[in-house]
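Written out below as structure tokens is the structure these notes cover.
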Amino acid sequence: MIDLHTHILPGLDDGAETLEDSIRMAQVAAEDGITRLVATPHGAEWGGGASREDLATRVAELRAVLAVRGVNVTVHPGLEIYLDPDLPAQLESGSIFPLNDTRYLLVELPLQSYPRYVDQVFFDLQLRGYHPILAHPERNNGIQKDHRLLEQLVERGVLAQVTAGSLLGAWGSMVKKTAQVFVERRLVHIIASDAHTYEGARAPRLSAAVRMAAKLIGEDSALAMVERTPERILAGEEVSPEPILQARGHKSWLFWR
């Protein structure tokens with residue numbers, strides 16, 4: 001499996017604090033069946049020190065340590081980018097950058113709101129040839145209340161990444177139900193851990209979430225969310241998601257179209 005969203009690099013954000021934390025996270029990932037993962041520190045927290053060159057150096061250093069320790073996990077460079085109206089300009093300046101030197105960008109929204117400029121920023125990114133991946137939409141308050149917000153993005157070619165812990169209830173029943181509905185409707189295309197530590201709900205584990213997704217959409221489609229799709233993304237290849245399915249009736253008004 002490939003984990004496309006982790007905070008494994010030490011001392012950059014609210015993820016791993018020390019190199020030993022990073023090693024233990026990689027060991028947990030390997031034990032769960034993950035062979036490749038992407039280091040995606042929060043660009044906003046990393047601040048002005050963020051650079052593609054510095055990140056590549058830090059990733060290479062961690063790779064070397066993992067090889068010495070015998071941990072069979074390959075780490076790739078990336079960034080989790082906080083949505084901002086001037087993202088295109090930041091890309092041009094080099095202060096933010098894509099996953100693994102591709103054209104794919106992992107973008108997160110504020111959890112409590114859906115900014116009015118989301119559609120315009122994503123359109124501008126796509127116009128410049130980038131492929132946005134929306135991180136954990138199931139945890140965004142606005143999208144929880146109106147799934148059409150995510151539908152409109154996906155219909156325009158935006159990919160979406162659901163967090164493994166969301167499918168398992170780590171953020172409560174509302175997030176869990178939203179995540180499951182998004183998987184059922186093919187509104188999310190990647191399962192990733194968003195790991196920040198080596199234990200508990202925020203560890204780099206995917207297998208339990210894949211088993212949950214398999215109950216909703218079948219084993220082959222669930223495995224594609226952690227194997228084929230992230231593999232194509234890291235290779236810079238085009239990803240063609242399945243068509244969105246219509247919503248089924250649910251008890252909560254939040255899930256009616």
Practice prompt. Kindly indicate the residue of region 1-26 that is among the acidic types (Asp, Glu) and in contact (Cβ under 8 Å) with a residue 40 or more places away in the chain and also surrounded by the most Cβ atoms within 10 Å (Cβ to Cβ) among those meeting that condition.
Written response: 3
Item to complete: Those residues that are polar (S, T, N, Q) and modelled with pLDDT of 95 or more, I need them from region 91-113; list them, please.
Response: 100, 102
Discussion item. Condition check: assigned to a helix (DSSP H, G or I), modelled with pLDDT of 95 or more and not aromatic (Phe, Trp, Tyr). Does residue 187 satisfy that?
Written reply: no
Worksheet item: Which of the residues that make up region 61-80 are of a type in the set (A, V, I, L, M) and over 14 Å from the mean Cα position of the chain (by Cα)?
Response: 62, 64, 65, 66, 67, 68, 71, 73, 75
Worksheet item: Is there a residue in region 157-173 that is in contact (Cβ under 8 Å) with a residue 24 or more places away in the chain, surrounded by fewer than 22 Cβ atoms within 10 Å (Cβ to Cβ), more than 30 Å from residue 116 (Cβ to Cβ) and out of contact with any strand residue (DSSP E or B) (no Cβ under 8 Å at 6 or more places or on another chain)?
Response: yes
Worksheet entry | Residue list for region 217-227, filter: within 15 Å of the chain's Cα centre (by Cα) and without any contact (Cβ under 8 Å) to a residue 12 or more places away in the chain | 224
Worksheet item: Taking the stated definitions as given, is residue 254 at pLDDT below 95 and among the aliphatic types (A, V, I, L, M)?
Response: yes
Item to complete: Mind counting the residues in region 229-243 that are closer than 30 Å to residue 97 by Cβ and surrounded by fewer than 14 Cβ atoms within 10 Å (Cβ to Cβ)?
Response: 5
Worksheet item: How many of the residues making up region 81-111 are within 18 Å of the chain's Cα centre (by Cα) and assigned to a loop (DSSP other than H, G, I, E, B)?
Response: 10
Fill in: Residue tally, condition crowded, with 24+ Cβ neighbours inside 10 Å, without any contact (Cβ under 8 Å) to a residue 60 or more places away in the chain and either under 20 Å from residue 141 (Cα atoms) or not small (Gly, Ala, Ser) (or both), over region 188-216
3
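The values are calculated or read from the model by the stated rules, or taken from the named source; none is laboratory data. Just so it is clear, the model here is predicted, and its values are computed rather than measured. Methodologically, a virtual Cβ is constructed for each residue, glycine included, from the backbone with ideal geometry; neighbour enumeration extends over all protein chains shown.
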